[in-house]
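Reviewing the structure listed below.
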Amino acid sequence: MSIMKKILLVITVSFLLTACPSPPCDIVDYGTISQEILDLLPYENQETYSFKNSGGLIVNFTCERYQEVGTFGCEDYGATGATSEHDTVKLDATYPEFHIDFETNKSIDEDDITHYIISGRIQYAQSFNIPTPNENYGYEQVSTVTINGNDYNDVYKIPTRNNNSNNTVYVDTIYYNTTKGILKLKMSNNEYYDINE
Amino acid sequence: MNIMISMNRLASFALVFSVLFLVISCGDDDLPQNPIDPSSMEWFFQENVGANFIMHDDNGIANEFILEESIGANSQNGYQTNGLDADLSKINYYYQDFSDTYFSGLKLGVRSSYGSYGDTFTISINEVDFAIDLNEALVTSVHFESTYLAYSETDEGYENNEEPIYSTVTFLENALIDGVNYDEVMHIQYNDFIASNTDYTIKEIYLAKQFGLIQYVYNNGVVCHRN
């Protein structure tokens, strides 16, 4: 074979290798998040939620809520991916500047069992999970708690994980029920923010 | 003839090596240093990275500031005249960067003096940035969100380019903050971009030597002080 033919062969093979599409990713559709799960976060887009600080200051949180559909797991060659819906809730206050966000994700395991994880973050530094029908994370649950003069039932006391070891002032416990959402933010220095109804 | 060519080549190589040697050996380290005045460093938080201090507002809300970074640096500064470096010197910098519970974004800094100017102290908090000439007791630039005012440094001193800066800095012998008497206090009064200010724009800042930030006051009158 002449040198020219060899060069042509190499160029042709290289072209074919780069031109061939990678095998399509096998995508499983996990479907939408059930209303029962969405209701575990009782927050509505554009609504304002009021809290009262232990010093008496009223702190209003505005809510942004939206659902998105995303595909993940197809980044690797020949992988199996999944399409699922994500629910995002953001609660933001101007003063003091607070950022609380929740993210609900759905997955289905090989036994066809559906799993939901509702993860939360406060100030981008403390994280926690909201209990779901499948997982209560062993949180303490109190049948009735009186907060700011009102009784609330079936209240979870959710400890946060502090991801900045230098912090000594942070939200360390969240009081939560599925009717009202966050009922109290208790700080590590014993300040608190109570739901204000 | 061959000997002549070799000699010429040898001379050329020697010249190139000499120039390279001079270029390499005349590094930044030979430049005169402009050190930061030790008294300028006293306006900073005098602790190591990871240390914290707490401030409380009128509602009892604690805001914890943690020193995340403490950086010293220097850079070459100067200008060229007729192809020669003139007034070329090293400017020194020092910065402190803090995180805090409620995202005030506190940053402190100082740049050593050059020419006839004093050390420039900088502070950023709640999206307001100030630069202050410590010798002149003058606010030389103000930056709020996307708006900016700055004086130019000229041979005749500072000149305002467009609008004057109304923010002021004064140095107090002492100040009583939440029952504590602080000696040598810097008081910054923010008087610019008034139309853009909100209730929680910071309008006054107090710093004390050896402590750094000791108090700030919001536009709505809420005071946040050191504990």
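The values are calculated or read from the model by the stated rules, or taken from the named source; none is laboratory data. Keep in mind that what you see is a predicted model, and the values were worked out from it rather than measured. Quick reminder, even Gly has a Cβ in these numbers, built from the backbone with ideal geometry, and neighbours come from all protein chains shown.
Remarks
- Residue within the range A:165-174 that is part of a strand (DSSP E or B), within 14 Å of chain B (Cβ to nearest Cβ) and of a type outside the set (Ser, Thr, Tyr) present: yes
- Filter result for the condition that a residue is farther than 20 Å from B:Ser40 by Cβ and either of a type outside the set (Lys, Arg) or within 14 Å of chain A (Cβ to nearest Cβ) (or both), over B:Glu127, B:Glu173, B:Glu136: B:Glu127
- The residues in the range B:116-143 that are of a type in the set (Asp, Glu) and at pLDDT 95 or above can be counted, and the count is 2.
- Within the range A:175-192, the presence of at least one residue that is among the acidic types (Asp, Glu), in contact (Cβ under 8 Å) with a residue 60 or more places away in the chain and within 14 Å of chain B (Cβ to nearest Cβ) is confirmed.
- Residue count for the range A:47-59 under the criterion of being surrounded by 14 or more Cβ atoms within 10 Å (Cβ to Cβ), under 13 Å from A:Thr94 (Cα atoms) and within 14 Å of chain B (Cβ to nearest Cβ): the result is 3.
- A:Gln67 without any contact (Cβ under 8 Å) to a residue 60 or more places away in the chain, within 25 Å of A:Thr114 (Cα to Cα), surrounded by 12 or more Cβ atoms within 10 Å (Cβ to Cβ) and away from chain B (no Cβ under 14 Å): yes
- Candidates B:Leu172, B:Leu149, filtered to the one that is in a strand (DSSP E or B) and in contact (Cβ under 8 Å) with a residue 40 or more places away in the chain: B:Leu149
- Selected residue (criterion: farthest from A:Ala93 (Cα to Cα)) from residues of the range B:176-227 that are acidic (Asp, Glu) and surrounded by 16 or more Cβ atoms within 10 Å (Cβ to Cβ): B:Glu184
- Residue list for the range B:51-65, filter: farther than 16 Å from A:Val171 by Cα and at the interface with chain A (Cβ under 7 Å from one of its Cβ atoms): B:Asn52, B:Asn59
- Condition met for B:Leu31 (at pLDDT 65 or above and either more than 14 Å from every other protein chain (Cβ to nearest Cβ) or in contact with a Cys (Cβ under 6 Å, 6 or more places away or on another chain) (or both)): yes
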